[in-house]
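These notes are about the structure you will find just below.
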Amino acid sequence: MKKLIALMLAAVLCMVACVAMAAELKVGVILVGDETEGYTLAHMNGIKAAAQSLGMADNQIVWKYKVPEDQTCYDAALDLVGQGCNVIVSNSYGHQTYMVEAASEYEDVTFVAMTGDFAAISGLSNFKNAFTKIYEARYVSGVVAGMKLAELLSSGELSAEKQPNSFDADGNVKIGYVGAFNYAEVVSGYTAFFLGVRSIVPNVTMEVMYTNSWFDIDKEAATAEALIAKGCVIIGQHADSTGAPAATQKLLDAGNICYSIGYNIDMLPTAPTAALTSPTNEWSVFYTELFSAAMNGEEMPADWAKGFDADAVAITTLGPSCAEGTAEKVAEVEAAIRDGSLKIFDTATFTVGGETVTSAPCDLSFMDYSTMTAIYEGETVEAIVDGAFQESTFRSAPYFALRIDGIVEDAQ
Amino acid sequence: MGESKKTVREPLFRIVKRDGISMTAKVIIRVVAVLLALIADALFIYFVTGLNPLDVYKVMFQGTFSTSMRFMWAMRDLASLLLIGIALAPAFKMRFWNVGAEGQVLMGALATAAVMVYYGGKVPNALLYIAMLVASLFAGALWGFIPGWFRARFSTNETLFTLMMNYVAIQIVACCVNIWRGQASGLGKLNMKTKAGWFPQIMGHRFMINLIVVLVLVFAMYAYLRYSKHGYEIAVVGESENTARYAGINVGKVIIRTMIISGALCGLTGFLIVGGRDQTISTNTAGGDGFTAIIVAWLAKFNTFYMALISFLLIFLSKGAAEIASAYNLNDFASDIIAGMILFFILGSEFFINYRIHRKHSSKEVR
Amino acid sequence: MQNAIELRHITKTFGRVVANHDVSLDVRRGEILSVLGENGSGKTTLMNMIAGIYYPDSGEIYVNGQLAEIRSPKDAYALGIGMVHQHFKLIDVFTACENIALVLDKREKYDLKAIRKKAQAICEKYAFDIDLDQKVYEMSVSQKQTLEIIKMLYRGAEILILDEPTAVLTPQETEKLFAVMRNMRADGKSILIITHKLHEVLSISDRVAILRKGEYAGTVETQGATEAMLTELMVGKKVELNIERPEPINPHLRLSVHNLSVTNAEGVRVLDQLSFEVFSGEILGIAGISGNGQKELLEAIAGLQATEPHSSVVYYPDDDRDSTAEQLIGKNPKAIRDMGVHLSFVPEDRLGMGLVGSMDMVDNMMLKSYGAGHSPIADRKAPRHLAEEIREELAVVTPSIHTPVSRLSGGNVQKVLVGREIAASPSVLMTAYAVRGLDINTSYTIYHLLNEQKKRGVAIIYVGEDLDVLIDLCDRILVLCGGRNNGIVDGRKTTKEEVGLLMTRLQNKGGVA
């Protein structure tokens, strides 16, 4: 009897403890922008959705908006600790060096630097990184673009006679890509997109132009216009504004043959006939895992990276301009990615300098390039395993930085 | 004419300059201004945001005072702003419109950062600090000297010149940051591994040195302007170059010397920001303080003690606004309006300290 | 007869300063009324209220018997009141005619021909001597003043206010102005004139209204009035109006100016091979229409003005000419001071050069001496004593020696400046328009101070504009014309007419007298 009581008591205590812990969870969120900026809005929506699904109260989340990537971030982190937060999330890459400093000082608080790249080698157990496998969604959006391209070519709507500058000397169709910076994150993304297109239309060539900004609506529009002027038929993007789709729509209406693949959000309101789809992150998937792990006292991995397997990435609603059969093809490709039969960076699908890649050593160290020393020593891993480049497996942040044949980067 | 019975139209308000005003009256006017500001703000808060004004004020207050850490951060930010204000004081007192503090701070910060990058860990720490200090003073002084020399030599317009020098400095910093960051997306903290050149922590804060320096300089600059021969020369040159020449002051020399001092102190601010606060450099290192400090210096009429008060007010309001935005999920434009209104009333009260308003007498019947 | 203007109980304060207190006075139709008063007695403030620049705190103004509400110069124009200020309000690059067109009412048509015709008629009626097509920048001061008056008449002014119109005119020009004023009076206009010069008051006006310390002290008929009587009314006590002129004692050469030439920024030669000598214990007057090189002359001697090659200013400390003579040209004020030359200079622009307006008396005392000693800290003890002394001895009216000097009245500012320059125990003292704008009482104080210095053996250069004073005060008078030495006359023997003639007509000989 005593035992039973003891057991029941223990169970009750445990439940109380669990409830207490759920109530105790307080999340601090450090955002580089606010709701007016698409990237941050996506994170905010993800966090709110996760909180709702876990039944968290409003006062369990403390927000810090427009925190720049400097000492302010460290201040914000410490201030959140002071307000009793036990999980602190920052959403911009540049926040991580400040987050790690705070993490080293407050070991009982979990710090998550989204898109960061050295949690695993930082030696701190309370410092985490997370990233989605967005390149998978980019590949699928490339397939959507490829379908459209194939339709244009087969219907004769797009031909060397009608739009001669859309074909290079070898007869390859030109497509374009508006990139923000030349970091691995972008390289990984546009390569996946390009491979997606080429899986449908083999003879394509892609030009990448950088804006050197994550969010610059005018520059992105101007870059898209420049690419279309060069003959590019599809404009992909890895930048956060609606500039490129809007410009593409304008030129489409003006009689050019050009279509847009967006990013983050559905671009159909901006470009009703020019937008085909956008690859997008489902941040709520990660945040739900993070919050529930914290509630349950579980440890999150130092690196979290998931894609279609956890529905952490997706593409938005297909636009009316998409080719017939696109939806079926997309479903087929997504399924193949899920079951592992389709590897995005299959070495059989691309070459570098005309050669098939057999080895791609990746140094995972976090470098201080000003002094050319490693801040955090990481090992050098072989990224080519089983005939494919293993993206986002050795750490969450992308590290695919190969420049494959068929893609031209615009000199900056 | 005795019969002329007409109502005289008198202007409704007339503004009359006050000659002097007692200290009590000044204090009363300021207190009334703050009260009016709080009332006006309360209306805004209640009708526009629907929040309880008293709660909002409490949160605003908490922005600076809720924890000792927040208070120390406010002090740290105040130090940078006030230091630049102090640096500007001699130039402004000389009526040399140095609007180039932003650039002078950046150049000082850049010189500090360069020493950290290239000599960090290679020379003893003490030597490194000295090198950082000297480099920052020199770089800031150079950025002050150039417009000073052109003004003394060719009478160029210093406002435009110093303003343009800001952009040159920003570009140089952007260029260096770009080189140093290498393949990384951002520069991050300098010497993160070795922490070479980072100020030592005193009472748990690296920026404690900044506070000490600014405290010393508040007194030193006050004395320099008020009691030194240099300060006297600066005042005379500022009032009238003709008078200065009449008095036998070498105007060009005073201009150049003062700009070197002003620039060097801005450079020093850059050193303290990099070493004590940021441990890195970006085009945002001065963060607009170079311009805000102009307001600080002006409002205080170059009195460094008033400058400290005004800097504190500005920092308090900005911290309060940020805290309101965070606590109530308000867009920070709304919280900036709340803080801005208080500032508006306090600055507006200066008008009533300097001028008297004559109300219209009840319209009078004449004879 | 109805009065043109009646002021009743006018009071006006600026901060704590009462400029006018309960002033009531009348201006008749067709009269010239002089408004007389010491510096700071509120003359200009009172006039400004009639002209709509200021608005009285209390009291009423009646124009032609009607209670008037004058809130702006526009209201004043509408009532037929026009004021000519000390600083002209003209546009330099416009012609006289175009400047007149500027005062047109909005309703009037801009027709330059018609304007010219009407203006011409005014000129002929009152015998104004002016070329209506001349650009203002080509005009002399007297012509500009004439233009201002025509502007007001064109606008239909029946009541004219002239604020110290003669301060900038030569005697000949003053006579011309007075002739025109008499013509206007004959036409029934009322004229209010502010002037410090008593003999002018007596010669031009019908009545004199006197203000004392902001209050109305009465009006007297000019006929039967004397200078002494007016001064007494103005100051409130009897004042000795004779300027003393002691004989120079043991004069010897102090300053030798030779071949001094200066070209200004516009490339105009403002001083042309000027040569003269100044002796110790004498006052050398410099006469000339303003702008004929007086400013440049003094500044060149003081080391503030770049000179042409071959210019020379040699300073002799004592009788021994050769051993210790010092060349002053090419040295700045500090270098001159460092050589041990005690050169005091009271410049024309008191607050723009001689003093720092925003500083108090103490800080102004140390303007030339602050650099003494090696300490980086400026000594304020000695200047404070000096300030107290000057305040005491020269009766400077100021709330405190820590009041910014710009808040003092013109006369007190001048006392501070002259006091400092004399306290430096100079061997050469240069003054430019030392009594300009000062009331009679203060002027005599200044003359007295100069004479004291003269007795001490100081060589004094006195640049003046009032010929009566120059002739009464100076031992010798150098007349400048077009930047050249147009003759040096003996102050004891010359006449106003002789000096006036030398000021306007360049003599061919040009050289030394």
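Read-outs throughout are calculated quantities, based only on the coordinates presented, and are distinct from any laboratory measurement. Bear in mind the structure is a predicted one, so any value in this text is a computation, not a measurement. FYI the Cβ positions are ideal-geometry reconstructions off the backbone, even for glycines, and counts take in every protein chain you see.
Note that the stretch B:56-61 has calculated 3J(HN,Hα) couplings of 4, 5, 4, 4, 4, 4 Hz, one per residue in order, obtained from phi through the Karplus relation 6.51 cos²θ - 1.76 cosθ + 1.60 (θ = phi - 60°); glycine and proline are x.
What number in nm² do you get for chain C if you take the convex hull of its Cα atoms and divide its surface by four?
Working: hull surface 104.0 nm².
Averaged projected hull area, Cα only: 26.0 nm².
Whole-percent P(r), the stretch C:87-235, all Cα pairs, 10 Å bins from 0: 10, 37, 31, 15, 6, 0.
Which whole number gives the average, over all residues in A:373-379, of C-beta atoms from other chains lying within 10 Å of the residue C-beta?
Values: counts 6, 1, 6, 2, 1, 0, 0.
For this peptide, the per-residue mean of nearby foreign Cβ atoms is 2.
Summary of the geometry: the stretch C:433-455 and the stretch A:275-333, compared by the centres of their Cα atoms, lie 95 Å apart.
Relative contact order of chain C: what whole-number percent is it, with Cα pairs under 8 angstrom and at least 6 residues apart?
Working: 1036 pairs, mean separation 77.4, N = 513.
Worked out over chain C, it gives 15 percent.
The peptide list B:82-88, C:207-213, put in order of mean Cβ contacts within 10 Å with the highest first, becomes B:82-88, C:207-213.
The residues neighbouring A:GLY262, those whose beta-carbon lies less than 12 Å from its own, together hold a net charge of -2 under the Lys/Arg +1, Asp/Glu -1 convention.
Here C:SER406 and A:GLU105 are evaluated by their C-beta separation; at R0 = 56 Å the FRET efficiency comes out at 0.45. Each part reduced to its alpha carbon centroid, the stretch A:374-388 and the stretch C:456-502 end up 100 Å apart.
Taking a sphere under 13 Å around the Cβ of A:ALA323 and counting the other residues whose Cβ falls inside, with K and R at +1 and D and E at -1, yields a net charge of -2.
Please give the net charge around C:THR219, taking every other residue with its beta carbon less than 9 angstrom from that of C:THR219, where Lys and Arg add +1 and Asp and Glu add -1.
Numbers: positive: C:ARG207; negative: C:ASP26, C:GLU221.
Overall, the nearby charge balance is -1.
Annotation: amide H of A:GLY307 within the under-5 Å range of A:LYS133, A:ALA312, sequence separation 5 or more or interchain, hydrogens built in the peptide plane. Here chain A yields Rg over Rh of 1.02, to two decimals, using C-alpha coordinates and the Kirkwood radius. Of interest is the spacing of the C-alpha centroids, which for the stretch C:285-352 and the stretch C:125-182 amounts to 36 Å. Only lysines eight or more places from B:LYS122 in sequence, or on another chain, were considered; those with a Cα closer than 30 Å are B:LYS189, B:LYS193, B:LYS195. Computed 3J(HN,Hα) for the stretch C:202-216, one whole-Hz value per residue from the Karplus formula 6.51 cos²θ - 1.76 cosθ + 1.60 where θ = phi - 60°, is 5, 7, 9, 8, 8, 9, 10, 9, 10, 10, 9, 6, x, 10, 6, glycine and proline marked x. For the stretch C:371-410, the Cα-based Rg and Dmax, in that order, read 12.4, 36 Å.
Hey, any idea what Rg/Rh is for the stretch A:357-412, computing Rh the Kirkwood way over Cα pairs? Don't skip to the end; give the middle numbers.
Numbers: Rg = 13.4 Å, Rh = 13.1 Å.
My calculation of the ratio gives 1.03.
Peptide B:175-186 has a mean of 5 when you count, residue by residue, the C-beta atoms of other protein chains within 10 Å of its C-beta. Here the ratio of the Cα radius of gyration of the stretch C:353-424 to 2.2 N^0.38 Å is 1.02. Taking 7 Å steps out from each Cα toward its Cβ at C:ALA423 and B:MET23 produces label points 2.8 nm apart. As a ratio to 2.2 N^0.38 Å, the alpha-carbon radius of gyration computed for the protein assembly as shown takes the value 1.26.
On the beta carbon distance between A:SER341 and B:THR67, with R0 = 51 Å, the FRET formula returns roughly 0.40. In this rough spin-label picture, where each label sits 7 Å from Cα along the Cβ direction, the A:ASP405-C:ASN183 distance is 10.4 nm.
Other chains' Cβ within 10 Å of A:86-98 residues: what's the mean? Before the final figure, lay out the partial values.
Numbers: counts 0, 0, 0, 0, 0, 0, 2, 3, 6, 1, 2, 8, 3.
Taking the mean over all residues of the peptide, I get 2.
For chain B, a Kirkwood radius taken over Cα pairs fed into Stokes-Einstein (25 °C, viscosity 0.890 mPa s) yields D = 107 µm²/s. Here's the picture: charge each Lys and Arg Cβ at +1 and each Asp and Glu Cβ at -1 in the protein assembly as shown, and of A:SER241, A:THR36, C:ASN183 the one pushed furthest to the positive end of that dipole is C:ASN183. Converting phi to 3J(HN,Hα) with the Karplus coefficients 6.51, -1.76 and 1.60 and the offset θ = phi - 60°, the stretch A:130-135 yields 8, 7, 8, 8, 5, 4 Hz in sequence order, with x at every glycine or proline.
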